[in-house]
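The values are calculated or read from the model by the stated rules, or taken from the named source; none is laboratory data. Since the model is a prediction, treat every value here as computed from it, not as a measurement. Don't worry about glycine lacking a Cβ; one is built from the backbone with ideal geometry, like all the others, and counts go over all protein chains shown.
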Amino acid sequence: MQVVKVDIDTAAPLHPEASILIMYTGGTVGMVFDKSVKHLVPFNFTQIMDHVPELRQFNYLLTVLSIEPAIDSSNVSVSDWLLLARLIAENYNDYDGFVVLHGTDTMAYSASALSYLLDNLQKPVIFTGAQVPIGRIRTDARENLITALQIAATKKEGKSMVPEVCIYFRNLLLRGNRSKKAESTRFDAFKSGNYPPLAETGIEIDYNTKSILPHPKLPFRAHQLLDDRVAVLKLFPGITSQVVRSILHTPELRGVVLETFGAGNAPTGAWFLELLQEALNKGMLILNVSQCDEGRVDQGRYETSKHLQDMGIVGGADITTEAAISKMMYVLSFGLGQAQANRMLSRNLRGEVTI
């Protein structure tokens, strides 16, 4: 894997309004139809002005870092998240904002992971992509890219308007670790069921300033470690002890995101509780997350969740599964004891939960 740097000539004057680093990882947003091979291929970013001529109207300095070969988002890994964090850290002082072009299927996972890795972030990191390739007539790639760039460049009183990791798609700017992909065929692919949009776009961009994270006072730093010894255990009616045991007995497993019913409810069968208790006794972290797209885990509200609370499983409140997975990896990377790790896991670290 290599990173190729491409400077884009937008005819910007000597004193641009902003400098933006575009990071292309792969995905539909950067694909064009190659007639010679009769299928979609990644396009050459030196020709981006041919596909998005509107960029010439920006008073920005634009640079592209293209990861080659391009990554299908279904193949995105922890090492890719760490690479993105490192590239942002290496270029942090040289740019006013960052736009990450990414495949939609796992965009919410990557945005969540970056939100934890980028500590005390003071500049926008805007993930965007497309449902239709940029080379097609009815593509949504151009509008998504143009607006993401504008948001990344926007400042108020000399400070970035949105000092967060976000997802911009269709006409909504969403907090990255509050988002999930909800549509596979429509242009409004992402939603944030438990948190309002940070901005909505129409003729103007209307920012919801009360919902945007405040500028941190501590200096920026990028973490370069995640512990990927985690698993997701999704409950369903009729789940067997063999299935639960096979997951909880995975060698070297250290953390489990437990997807429960409704407000955090789970079976009360003796075999199920015994397997969970056995895992906890071994020092494993277990985070209770609701399978519902909206609402929150409220352990103890019903009898079917009180036993989870009593044994020390952490309630995930209104966190998404996408954010819970990378939060678990992040917390485990510190090598804390179980009690201290559980306290960190229950905290609101990057605006991912409402406590």
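Things to note:
- Qualifying residue in the stretch 156-164 (condition: farther than 24 Å from ASP293 by Cβ, basic (Lys, Arg) and touching a residue at least 40 places away in the same chain (Cβ under 8 Å)): yes
- Flag for ALA263 being among the aliphatic types (A, V, I, L, M) and either over 30 Å from LEU145 (Cα atoms) or free of Cβ contacts under 8 Å to residues at least 60 places away in the same chain (or both): yes
- Test: residue in the stretch 93-107 that is surrounded by fewer than 20 Cβ atoms within 10 Å (Cβ to Cβ) and outside any loop (DSSP other than H, G, I, E, B): yes
- Residue check, ASN177 of a type outside the set (Phe, Trp, Tyr) and surrounded by fewer than 16 Cβ atoms within 10 Å (Cβ to Cβ): no
- Neighbours by Cβ (under 7 Å, 6+ apart or cross-chain): first from the stretch 238-254, closer than 21 Å to ASP228 by Cα; second in a helix (DSSP H, G or I): VAL244/PHE272; VAL244/LEU275; ARG245/LEU275; LEU248/LEU275; LEU248/ALA279; ARG254/LEU332
- Any hit, the stretch 263-275, residues being under 29 Å from THR104 (Cα atoms), buried (at least 18 other Cβ atoms within 10 Å of the Cβ) and touching a Leu at 6+ places or on another chain (Cβ under 9 Å): yes
- Residue among LEU173, LEU198 that is modelled with pLDDT of 95 or more and out of contact with any Ser or Thr (no Cβ under 6 Å at 6 or more places or on another chain): LEU173
- Within the stretch 307-343, the set of residues being among the hydrophobic types (A, V, I, L, M, F, W, C) and either surrounded by fewer than 16 Cβ atoms within 10 Å (Cβ to Cβ) or not assigned by TED's automatic domain parsing to the domain that holds ALA263 (or both) comprises MET311, PHE334, LEU336, ALA339.
- Residues of the stretch 190-206 classified as crowded, with 16+ Cβ neighbours inside 10 Å and either over 17 Å from THR147 (Cα atoms) or assigned by TED's automatic domain parsing to the domain that holds THR320 (or both), total: 4
- Test result for LYS159, in contact with an Asp or Glu (Cβ under 8 Å, 6 or more places away or on another chain) and surrounded by fewer than 19 Cβ atoms within 10 Å (Cβ to Cβ): no
- With respect to the stated conditions, GLU259 fails to be of a type outside the set (A, V, I, L, M), assigned by TED's automatic domain parsing to the domain that holds THR128 and not in a loop (DSSP other than H, G, I, E, B).
- Of all residues in the stretch 144-192, those that are under 18 Å from GLU54 (Cβ atoms) and β-branched (Val, Ile, Thr) total 4.
- When ASP9, ASP50 are checked against the criterion of being loosely packed, with under 13 Cβ neighbours inside 10 Å, touching a helix residue (DSSP H, G or I) at 6+ places or on another chain (Cβ under 8 Å), of a type outside the set (Phe, Trp, Tyr) and modelled with pLDDT under 80, a single residue qualifies: ASP9.
- The residue that is farthest from LEU118 (Cα to Cα), counting only those in the stretch 150-172 that are basic (Lys, Arg) and part of a strand (DSSP E or B), is LYS156.
- Failed condition for ASP119, given (1) free of Cβ contacts under 8 Å to residues at least 24 places away in the same chain; (2) over 24 Å from THR28 (Cβ atoms); (3) of a type outside the set (A, V, I, L, M, F, W, C): (1)
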